[in-house]
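All remarks here apply to the structure that follows.
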Amino acid sequence: MKSSKSDIKKILYPLYEPPRIFGHETAGVIASVGEEVTFWQVGQRVVVMHHIPCMRCGYCLNDNFSMCDVYKNISTTAGFTPSGGGFAEYVKVPGHIVRSGGLIPIPAVVSFEEASFVEPTNCCLKAVKKAQIAPGQTVLVTGAGPIGLMFVMLVKYFGARAIATDLVPSRMEKALGVGADAAFDALDPNLSSKILALTDGMGVDTTLLAVPSEKAFFQALSCTRKGGKILFFAEFPDEVEIPINPNILYRREIDLMGSYSSSFRLQSLAADIVFNRRIDVQALISDRYSLQHLSAAVQLAINPSPNTLKILIYPPQAQ
């Protein structure tokens with residue numbers, strides 16, 4: 001199991017009524033099964049998808065699975081109000097998730113560490129597909145943290161060029177190491193002109209906003225070509241409002257879009273990409289903590305070092 005930005009935000013801010021156990025990028029071994037479970041057996045290694053849509057409501061029928069009430073309200077739990085439950089030794093998976101494809105068997109050659117990336121890969125893959133990123137395009141990824149780096153790898157996997165920005169030199173270097181064609185300081189006053197120079201004066205086809213930064217959004221506007229797309233992937237604080245002249249979108253035909261959570265349609269593809277090592281998810285791991293040291297892991301996630309990326313949490317017996 002891993003700590004993610006959404007888990008840290010829920011722990012750090014009083015968004016939900018306690019007590020709750022968070023953690024939702026989970027892989028483990030089946031310890032017991034219910035009486036009606038026939039397909040799965042004790043001892044199997046599985047990835048647990050903590051949300052599965054109903055596949056019947058108006059949202060699901062339009063492939064807006066993450067808007068489905070069942071998707072939002074039925075989740076895995078460690079004994080309290082269902083909130084993922086991955087930061088625990090045991091996780092209970094509701095019948096709906098078991099019956100509806102929420103468990104994915106892990107091949108013998110794949111580690112639990114790698115398998116825990118299926119869910120975040122799905123989330124990033126959904127954004128890449130929604131933005132219709134295609135071979136030959138150029139994509140700007142703002143932020144070279146774990147999600148931004150995964151975007152870089154997926155953009156390259158689908159045949160496009162990736163340009164990354166960040167404030168931390170080590171993360172810019174990491175972006176180049178995982179396949180970015182260029183990486184720039186997000187505070188570079190010449191950022192727009194440098195990106196225009198790399199794109200024959202047009203600008204990038206798509207910008208993926210992987211950081212909740214108003215400045216990054218306006219950089220995206222200046223770096224994205226006419227007829228291009230800007231996709232919001234990071235969640236901004238609720239109090240943030242971004243003023244924009246709508247004529248910029250109208251005259252330049254810029255598409256603004258958002259992508260939240262995962263897509264059930266992409267579950268098999270996400271597993272294939274991770275299990276067959278089509279991207280290097282191991283390159284995103286920076287730290288490993290035992291569950292008993294979860295508080296230290298959370299503190300590191302809140303106050304990361306320049307080299308902090310994904311933080312993995314293990315049950316005590318796995319250490």
Pairs with Cβ under 7 Å, 6+ apart, first in the stretch 231-258 and open to solvent by 70 Å² or more (accessible area, probe 1.4 Å), second aliphatic (A, V, I, L, M) and not in a loop (DSSP other than H, G, I, E, B): 256/230; 256/249
Only residues that are loosely packed, with under 14 Cβ neighbours inside 10 Å, touching a residue at least 40 places away in the same chain (Cβ under 8 Å) and farther than 17 Å from residue 116 by Cα: list them for the stretch 73-92, please. 79, 80, 81
Residue 182, sole failed condition from (1) open to solvent by 60 Å² or more (accessible area, probe 1.4 Å); (2) more than 20 Å from the chain's Cα centre (by Cα): (1)
Lone qualifier among 265, 288 - being touching a residue at least 24 places away in the same chain (Cβ under 8 Å) and not in a helix (DSSP H, G or I): 288
Looking at (1) on the phi < 0 side of the Ramachandran plot; (2) buried (at least 17 other Cβ atoms within 10 Å of the Cβ), which is the only condition residue 23 fails? (1)
The condition of being of a type in the set (A, V, I, L, M), open to solvent by 40 Å² or more (accessible area, probe 1.4 Å), within 21 Å of the chain's Cα centre (by Cα) and at pLDDT 95 or above holds, among 67, 49, 55, only for 67
Answer yes or no: is there a residue in the stretch 144-157 that is in a loop (DSSP other than H, G, I, E, B), surrounded by 24 or more Cβ atoms within 10 Å (Cβ to Cβ) and touching a residue at least 24 places away in the same chain (Cβ under 8 Å). yes
Quick check on residue 313: is it β-branched (Val, Ile, Thr), within 21 Å of residue 29 (Cα to Cα) and in contact with a strand residue (DSSP E or B) (Cβ under 8 Å, 6 or more places away or on another chain)? yes
Quick check, is residue 113 in a loop (DSSP other than H, G, I, E, B), touching a residue at least 12 places away in the same chain (Cβ under 8 Å), closer than 23 Å to residue 294 by Cβ and of a type in the set (Asp, Glu)? no
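The values are calculated or read from the model by the stated rules, or taken from the named source; none is laboratory data. Nothing here was measured: the structure is a model prediction, and the numbers come from that model. As a convention, Cβ positions derive from the backbone with ideal geometry for all residues, glycine included, and neighbour counts pool all protein chains shown. Please note that ligands, DNA and RNA were not included when accessible areas were found on the heavy atoms of the full protein model with its side chains. Shrake-Rupley method; radii C 1.70, N 1.55, O 1.52, S 1.80 Å.
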